[in-house]
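Comments concern the structure below.
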């Protein structure tokens, strides 16, 4: 099965991967280091046997329609980008979006030269101005996925709640993931590769109701406010991220934007458009009931995956497989990361020790 073993940096990564190590890409602190590997995500992308099992990328790139799938999603992103960046762009073809998969591994000092553990994976993007030839850095964080998050939500959470809604969660739920994420953002590996904090854009929660406000941003569109914080909001807060909800012009549902700092002030219009265009395209594929609905969200909006008035994209995506693989990856994390290092990790999260044996 794809992705049930961690890859060894760049050697098993498909495509023209670049492995960046200390001092360029490895951050050594508390007895562990981070390593960044990047892989071009284009119509020729093929997941390797060591790729993360997430269907966010790999599922689209498997089967007889793989190249057609990839070409279609990339076309969706480019078209939406040019639709939103419509100034001085009369033919709506001025810009092209280039994507890279950013894979982050953590390696314990006590493991010596052993395999790293696959921590998180995101998309980074650049925007190419076809008219001027200029390249604009986008925002990293698109399509965020995490092995430890899979463990928390697909293994630990069911064991706590037993499937009963409303079960109180322990105060430490998400602490490990949040601290690892924050440590990575503050690392030299991240800071040498990226100049700005990430923005993680995902679907709104089906457990919450959203109300439209009068606030409207020229790129992100109209802002919505939720009736209460969701479990995801609380989980991302432990990662040091706040959240705002916006529905861009031409969209049918708001998106959730998780960020550090000032979402509206820290990024350029082209950067915000890049994240919006990318994640709108993926959400139309992943959750068409919400993001490819045939009617737009009203002033009071409760998203639902039971909604039947929607259109499917021409990109094939197996949502049931993604759920199964989340459990597989969560159990892999439990076996190869959480359990072998449980005492050490608990002391580190509590601030009582560094990550050393």
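The values are calculated or read from the model by the stated rules, or taken from the named source; none is laboratory data. Keep in mind the model is a prediction, meaning the values are calculated, not measured. So basically every Cβ, Gly included, is an ideal-geometry build from the backbone, and we count neighbours across all protein chains shown.
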field: Residue, nearest to residue 198 (Cα to Cα), within segment 297-308, restricted to residues that are modelled with pLDDT of 95 or more and touching a strand residue (DSSP E or B) at 6+ places or on another chain (Cβ under 8 Å)
entry: 303
- request: State all residues of segment 315-332 that are surrounded by 13 or more Cβ atoms within 10 Å (Cβ to Cβ) and within 16 Å of residue 283 (Cα to Cα); if no residue qualifies, say none.
  value: 315, 316, 317, 318, 319, 322
message: Take residue 180 and tell me if it is crowded, with 19+ Cβ neighbours inside 10 Å, modelled with pLDDT of 95 or more, over 20 Å from residue 268 (Cβ atoms) and in contact with a helix residue (DSSP H, G or I) (Cβ under 9 Å, 6 or more places away or on another chain).
response: yes
- line: For strands (runs of 3 or more DSSP E) lying entirely in segment 15-72, having 2 or more residues that are at pLDDT 50 or above and in contact with a strand residue (DSSP E or B) (Cβ under 7 Å, 6 or more places away or on another chain) picks out 32-41
- prompt: Can you find a residue in segment 260-267 that is surrounded by 15 or more Cβ atoms within 10 Å (Cβ to Cβ), under 11 Å from residue 201 (Cβ atoms), in contact with a strand residue (DSSP E or B) (Cβ under 9 Å, 6 or more places away or on another chain) and at pLDDT 95 or above?
  reply: yes
query: Restricting the search to segment 301-348, which residues are in a loop (DSSP other than H, G, I, E, B), over 24 Å from the mean Cα position of the chain (by Cα) and in contact (Cβ under 8 Å) with a residue 60 or more places away in the chain?
result: 341
Residue under evaluation residue 102, criteria (1) touching a strand residue (DSSP E or B) at 6+ places or on another chain (Cβ under 8 Å); (2) free of Cβ contacts under 8 Å to residues at least 12 places away in the same chain, criterion not met: (2)
- request: From (1) farther than 30 Å from residue 348 by Cβ; (2) over 20 Å from the mean Cα position of the chain (by Cα); (3) surrounded by 15 or more Cβ atoms within 10 Å (Cβ to Cβ), pick out the condition that doesn't hold for residue 74.
  value: (2)
message: Please determine whether any residue of segment 164-172 is at pLDDT 95 or above and within 29 Å of residue 254 (Cβ to Cβ).
response: no
message: For segment 198-207, give me each residue that is in a loop (DSSP other than H, G, I, E, B) and closer than 17 Å to residue 296 by Cα.
response: 204, 205, 206
- request: Might you let me know whether segment 123-139 holds any residue that is within 20 Å of the chain's Cα centre (by Cα), free of Cβ contacts under 8 Å to residues at least 40 places away in the same chain and farther than 18 Å from residue 232 by Cα?
  value: yes
query: Do we have any residue at all in segment 261-273 that's farther than 30 Å from residue 67 by Cβ and without any contact (Cβ under 8 Å) to a residue 24 or more places away in the chain?
result: yes
- request: For residues that are touching a helix residue (DSSP H, G or I) at 6+ places or on another chain (Cβ under 8 Å) and either closer than 12 Å to residue 73 by Cβ or assigned to a loop (DSSP other than H, G, I, E, B) (or both), tally how many sit in segment 285-300.
  value: 3
query: Is it true that residue 282 is part of a helix (DSSP H, G or I), in contact with a helix residue (DSSP H, G or I) (Cβ under 9 Å, 6 or more places away or on another chain) and either free of Cβ contacts under 8 Å to residues at least 24 places away in the same chain or more than 17 Å from residue 73 (Cβ to Cβ) (or both)?
result: no
